[in-house]
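Read through the structure below, which is laid out as structure tokens, and then see the notes.
The values are calculated or read from the model by the stated rules, or taken from the named source; none is laboratory data. In this text, all values refer to a predicted model and were calculated from it rather than measured experimentally. Positions of Cβ are generated from backbone atoms using ideal geometry, with glycine treated the same way; all protein chains shown enter the neighbour counts. Side chains included, ligands, DNA and RNA excluded: accessible areas come from the protein's heavy atoms. Shrake-Rupley method; radii C 1.70, N 1.55, O 1.52, S 1.80 Å.
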Amino acid sequence: ATEPLQRDRETLTFSAVTNPTLSSLERGERFEVTLNLLVNANAANDQSVANQALLTYQGAPESLPSDDPNTEALGDTTTFRIAYPEVTAFHTLRSTNGGAGGPIEPGSELEIGISVRNGGALVARELAVVETLDERLAVLEAESAQLGESSLSWTLDALPPGAEVVLVYRARVSEVADVDHDLQTSVHVSSADLRADVDVGFSTSLSGEP
């Protein structure tokens, strides 16, 4: 398909899969073409993508390739690298019965931390962090969290490269908790900036009698 470019001052902009045409270009006149590109969601992290334009005009012996001004070579492709924020998450646990390594019994009070870290080179924006709770846990305190029926949720405006946030909540194990099954929670981290959501489970055994 052939589609004329629309002129906006000194910039010509189009957003389509097309072969744009320009009716004329005066001597000394300059124009720019702006490409609005959407990276495929399945593109791999750290993948390189090459892009190059070819210019043809009436009377030209051959097409003229565009040039990457950031390199010394002439007529070479412009290459950019695909990158995503690399967000990870993990849990930490402390029991009032003996610190980080103490036994967890029915009635124990726990301090659970969720560490969310961005190990990538790009900022992760508008992160939603949702902790799904074991039904034997009763939340005592969770600063800045929204409490659901069986979950806690936080929203992080932005997580810069190399940054880490620790979200902490306190909970009590039910006095009549079944000690034959491990205590389990899981965290889900999502953002439009991430290639894939992050899901991390956590479990710990219960001991003792109610």
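For the reader, a short list of remarks on this structure follows.
- Per residue, region 51-210 exposes an accessible area of 59 Å² to a 1.4 Å probe, with every protein chain left in place.
- Centroid-to-centroid separation of region 149-178 and region 28-42 [C-alpha atoms, Å]: 42 Å
- Rounded percent of accessible protein surface that carbon and sulfur make up, region 21-177, 1.4 Å probe: 49 percent
- Packing-based order for 125-131, 64-70, using average beta carbon neighbours within 10 Å, highest first: 125-131, 64-70
- Here the Karplus relation 6.51 cos²θ - 1.76 cosθ + 1.60, evaluated at θ = phi - 60°, turns the backbone of region 57-70 into coupling constants of 8, 4, x, 6, x, 7, 5, 9, x, 6, 10, 8, x, 8 Hz, with x for every Gly and Pro.
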